[in-house]
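Everything on this sheet refers to the single structure shown next.
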Amino acid sequence: QVQLVESGGGSVQAGGSRKLSCVFSGYTVSRRCMAWFRQYPGSERVGIASIYVDVGGVRTETDYIDAVKGRFTISLNNAKDTVELQMNSLKYDDTAMYYCAAKSSCDYIVWWKRPFDEYDLWGQGTQVTVSS
């Protein structure tokens, strides 16, 4: 059974930084597709950062939506079974619930075409609040 547990949420002032972590267990696959999503109240979850990792170390790629590109960085530590989201230059509009997600079936070509689609494994979320 795959479990994803996020941490690191909280309150931060605009312009500040925050790092979210997601510890996962049971995700024993040779290719890992993982992502961070966020959700505003009353809205759908939206993918913001995605990472593909070939556990053999041949390929690691990331993708971001324009709203966070250059400010957020997603990384995956296979040794620690952790995916992180480093968030810098935070803005009021970054206030949201943040979720870690993974795909039980990960294919590079599918990930490359649609990096935020078909995620079926989810954490419980962690709230980030940015004050202006």
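Provide a single number: the residues in the stretch 12-30 that are touching an Asp or Glu at 6+ places or on another chain (Cβ under 8 Å), open to solvent by less than 40 Å² (accessible area, probe 1.4 Å) and either of a type in the set (Asp, Glu) or part of a loop (DSSP other than H, G, I, E, B) (or both).
1
If the Cβ limit is 8 Å and pairs must be 6+ apart or interchain, which residue in the stretch 54-77 that is under 23 Å from residue 89 (Cβ atoms) and at pLDDT 95 or above pairs with which residue that is open to solvent by 60 Å² or more (accessible area, probe 1.4 Å) and in a loop (DSSP other than H, G, I, E, B)?
That search, which allows pairs on different chains as well, returns 71/89.
Between 98, 119, 64, which is open to solvent by less than 60 Å² (accessible area, probe 1.4 Å), among the aromatic types (Phe, Trp, Tyr) and over 25 Å from residue 17 (Cβ atoms)?
Going through 98, 119, 64 in turn, just one is open to solvent by less than 60 Å² (accessible area, probe 1.4 Å), among the aromatic types (Phe, Trp, Tyr) and over 25 Å from residue 17 (Cβ atoms): 119.
Looking at (1) exposed (fewer than 13 other Cβ atoms within 10 Å of the Cβ); (2) at pLDDT 95 or above; (3) closer than 20 Å to residue 19 by Cα, which is the one condition that is false for residue 84?
(1)
Being among the basic types (Lys, Arg) and open to solvent by 70 Å² or more (accessible area, probe 1.4 Å) is the filter here; which residues of the stretch 34-48 pass it?
Of everything in the stretch 34-48, just one residue is among the basic types (Lys, Arg) and open to solvent by 70 Å² or more (accessible area, probe 1.4 Å), namely 45.
So that you can scan it fast, the table gives a plain yes or no per residue for (1) within 22 Å of residue 15 (Cα to Cα); (2) assigned to a strand (DSSP E or B); (3) open to solvent by less than 50 Å² (accessible area, probe 1.4 Å):
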residue	(1), (2), (3)
32	no, yes, yes
50	no, yes, yes
56	no, no, no
93	yes, no, no
110	no, no, yes
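Just the residues that are open to solvent by less than 30 Å² (accessible area, probe 1.4 Å) and among the β-branched types (Val, Ile, Thr), please, taken from the stretch 67-76.
68, 74
The values are calculated or read from the model by the stated rules, or taken from the named source; none is laboratory data. Because the structure is a prediction, the values reported are computed rather than measured. So basically every Cβ, Gly included, is an ideal-geometry build from the backbone, and we count neighbours across all protein chains shown. What goes into the accessible areas is simple: the full protein's heavy atoms, side chains included, and nothing from ligands, DNA or RNA. Shrake-Rupley method; radii C 1.70, N 1.55, O 1.52, S 1.80 Å.
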